[in-house]
């Protein structure tokens, strides 16, 4: 057995920080959105692009980031990702127009797409020859995601309320500089490998996703049957189809299509896509309901979402792995998606003169419980279904599925909410109708996810895995 890296646990702390930051940057903007909208002049239907620009770049470029990490070295790409993230964060905070803000958010997403896969590769380099420690490392890495979501909601409220909204972006800069300072002497190095980089695949995937989301978001304004909408949707679908053709034709593609022949990998990715498509719109519109209907300030809104996010963090780390070990992955996935659908259906009953304790808290806790139960086993199933040598590819694919689902789900629910009155700022009744429609639509997506899991996820012949392996493997 090879000698363990002497500073591996310190390095793991930096790797976990990377996962923390990637997720935090998706949640920290939530309570700042009304302030960003007012200062930069976003329309209700274009406001979602402050979120979408990040997740489209992240989801579309994750596979490219993994490939670059394999070829050029994870340490080098990890550092490059932090540099790109810091640059995008500075531009996002200084933005004085909607176009600059959206572009800067896309740059942030590109940086995150370099950080996320290289961080996982570095983790494997540090702990891959230490099986017992590897499981602990995966658990810490996995716990960083819900912690980032929780911190993002709260810090976003604090900064927006007591400083100013640009600081939800500026906070990345000192952290990035600190990471860049310690990486050279802390992280392991690997020599570059020979191979080609599939830029055509990355371009078609990202452009196809962006064009599809653009068409859906603009549809309420342009008309679903308008030439502009149909052209955007057709172009997006065509580019995504071209991505599949490119992957099938290339000797070294970003995504080997044959990997989907692995049992349950495709099913788990479908679940992750639908989970992202249901969860992110709920989180997005709940922020807006709290501030634009109930009149909460940014700090109050962030604090109001803490019970939900803390519930997610605790259940994901302490409960979901044990439930999965006890019952296998299929049951908690189905139960979680059904609970998520139930919580969002209850949330659709929000009132213009509602209250946090009656209209928000019970529904958000039910939804959070469902999210916690479904996310961990579906993620673990996707990664474990692949061959060991393709674990990194499987991780990139499942992360991409969730991010793509998030972007498309938010685009569809934004269109639905706008058509039902969410563009009538200042009219609490109309806004509530729009947000209620989005919650109900997201509940429908979660229900479809539960049905898909019932139909597609296979129960392995040996449901109970080794007790010493299962929880940690799922946390990975």
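The values are calculated or read from the model by the stated rules, or taken from the named source; none is laboratory data. Because the structure is a prediction, the values reported are computed rather than measured. Here the Cβ positions follow ideal geometry from the backbone for every residue, glycine too, while neighbour counts run over all protein chains shown.
Residue 238 falls short on exactly one of the conditions (1) part of a helix (DSSP H, G or I); (2) outside the structural domain of residue 215 (by TED's automatic domain parsing); (3) surrounded by fewer than 16 Cβ atoms within 10 Å (Cβ to Cβ), and that condition is (2).
For the stretch 162-184, which positions are crowded, with 20+ Cβ neighbours inside 10 Å and in a helix (DSSP H, G or I)? Selection gives 168, 169, 172, 176, 179.
Just checking, does the stretch 68-81 include any residue being surrounded by fewer than 24 Cβ atoms within 10 Å (Cβ to Cβ), closer than 23 Å to residue 192 by Cβ and at pLDDT below 75? No, every residue in the stretch 68-81 fails to be surrounded by fewer than 24 Cβ atoms within 10 Å (Cβ to Cβ), closer than 23 Å to residue 192 by Cβ and at pLDDT below 75.
Kindly provide the set of residues from the stretch 222-250 that are closer than 20 Å to residue 396 by Cβ and modelled with pLDDT under 80, ordered by number. Listed by number, the list is empty, since nothing qualifies.
Considering only the stretch 449-459, state which residues are surrounded by fewer than 16 Cβ atoms within 10 Å (Cβ to Cβ) and either in contact with a helix residue (DSSP H, G or I) (Cβ under 8 Å, 6 or more places away or on another chain) or modelled with pLDDT under 95 (or both). Result: 454, 455, 456, 458, 459. Scanning the stretch 155-183 for residues that are within 20 Å of residue 116 (Cα to Cα) and free of Cβ contacts under 8 Å to residues at least 24 places away in the same chain returns 174, 178, 181. In the stretch 60-75 there is no residue that is within 17 Å of the chain's Cα centre (by Cα) and over 26 Å from residue 177 (Cα atoms). Does the stretch 87-97 include one or more residues that are within 30 Å of residue 377 (Cα to Cα), in contact with a helix residue (DSSP H, G or I) (Cβ under 7 Å, 6 or more places away or on another chain), at pLDDT 80 or above and in a helix (DSSP H, G or I)? No, the stretch 87-97 contains no residue that is within 30 Å of residue 377 (Cα to Cα), in contact with a helix residue (DSSP H, G or I) (Cβ under 7 Å, 6 or more places away or on another chain), at pLDDT 80 or above and in a helix (DSSP H, G or I). The residue list 38, 57 contains one member that is part of a helix (DSSP H, G or I), modelled with pLDDT of 80 or more, surrounded by fewer than 22 Cβ atoms within 10 Å (Cβ to Cβ) and not assigned by TED's automatic domain parsing to the domain that holds residue 292, which is 38. Evaluated against (1) modelled with pLDDT under 85; (2) farther than 21 Å from residue 271 by Cβ, residue 475 falls short on exactly one condition, (2). In summary, residue 44 fulfils each of the numbered conditions (1) assigned to a helix (DSSP H, G or I); (2) touching a helix residue (DSSP H, G or I) at 6+ places or on another chain (Cβ under 9 Å) with the single exception of condition (1).
Annotation note: of 138, 214, the sole residue that is at pLDDT below 85, assigned by TED's automatic domain parsing to the domain that holds residue 79 and buried (at least 16 other Cβ atoms within 10 Å of the Cβ) is 138. Looking across 343, 380, one residue alone is in contact with a helix residue (DSSP H, G or I) (Cβ under 8 Å, 6 or more places away or on another chain), buried (at least 23 other Cβ atoms within 10 Å of the Cβ) and at pLDDT 90 or above. It is 343. Scanning the stretch 241-275 for residues being in a loop (DSSP other than H, G, I, E, B) and surrounded by fewer than 18 Cβ atoms within 10 Å (Cβ to Cβ) gives a total of 6. For the residues 33, 71, the requirement of being in a helix (DSSP H, G or I) and more than 24 Å from residue 431 (Cα to Cα) singles out 71.
For residue 278, state whether it is assigned by TED's automatic domain parsing to the domain that holds residue 401 and surrounded by fewer than 18 Cβ atoms within 10 Å (Cβ to Cβ). Taking the combined requirement at face value, the residue does not satisfy it.
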